[in-house]
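Worksheet: the structure to be examined is printed underneath.
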Amino acid sequence: MKKLIILFLIALFAASAAAQEKCDLALNSAPALFKLKLGMNAAEAKHAVDGKLKIKNKAEGTFFQNYIKKSPPKNLDGIRAIYLRFFDSKLYQIEIFYEPERNRISLEDFLRQFSAEKELPFESWKVDYGIARLDCDGFFIEADNYLNPRVQLTDEVLSARFEESQKDEKKKK
């Protein structure tokens, strides 16, 4: 009987692993978040949100805006906070904290909604310790729902180059 249960569990695990789709979307097919796309420069990012964010033109740095004490503009409705990270004059990471839902939804339901809206393969998300990750070709998305829904979209190559530049800067000091 134990052998039968073990074989059943192995078959179940193998079937679920086989059912997972691979995300083969390329970097140029990464979803836009509030019209913001990876690779934009600061001026393009500012234009994408109709100038509603005061993004400065700089080659490297982080832009942050929160809407905790004030409401976001209509074209950013639903955002609680936003981080835009630039390196080499390109947007390499977009991090959005959404307003908490009145009726809190599960991470799985949030991922289903997000995947449907952005035409992403829901089955390709991997969840570990409450953090979901979708690895695609050249970019990845992380999401969680600890306090409120959060999504972070990252260009893998530019992010790695940024990290390397930070190591180089530390070595110089």
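The values are calculated or read from the model by the stated rules, or taken from the named source; none is laboratory data. Quantities reported herein were computed from a predicted structural model and do not represent experimental measurements. Heads up, the Cβs are rebuilt from the backbone with ideal geometry, glycines too, and the neighbour counts pull from every protein chain shown. Please note that ligands, DNA and RNA were not included when accessible areas were found on the heavy atoms of the full protein model with its side chains. Shrake-Rupley method; radii C 1.70, N 1.55, O 1.52, S 1.80 Å.
With respect to the conditions (1) of a type in the set (F, W, Y); (2) under 22 Å from V157 (Cβ atoms); (3) touching a helix residue (DSSP H, G or I) at 6+ places or on another chain (Cβ under 9 Å), Y83 falls short on a single one, namely (3). Of the strands (runs of 3 or more DSSP E) lying entirely inside segment 84-173, those containing at least 2 residues that are surrounded by 13 or more Cβ atoms within 10 Å (Cβ to Cβ) are 90-98, 131-135, 139-144, 150-155.
Considering each residue of segment 159-171 in turn, none proves to be among the acidic types (D, E) and in contact (Cβ under 8 Å) with a residue 24 or more places away in the chain. Check segment 40-56 and report whether any residue there is touching a residue at least 40 places away in the same chain (Cβ under 8 Å) and closer than 17 Å to G138 by Cβ. Scanning segment 40-56, I find at least one residue that is touching a residue at least 40 places away in the same chain (Cβ under 8 Å) and closer than 17 Å to G138 by Cβ, so the answer is yes.
Candidates are the residues of segment 1-49 that are open to solvent by less than 100 Å² (accessible area, probe 1.4 Å) and acidic (D, E); the one that is modelled with the lowest pLDDT is E21.
Counting just the residues of segment 65-81 that are free of Cβ contacts under 8 Å to residues at least 40 places away in the same chain and open to solvent by less than 90 Å² (accessible area, probe 1.4 Å), which one comes out nearest to L147 (Cα to Cα)? For segment 65-81, the residue satisfying everything is A81.
Of the residues making up segment 67-89, those that are under 15 Å from K35 (Cα atoms) and of a type in the set (D, E, K, R) are K74, D77. Checking each residue in segment 134-146 for being of a type outside the set (F, W, Y) and closer than 19 Å to I105 by Cβ picks out L134, I141, E142, A143, D144, N145.
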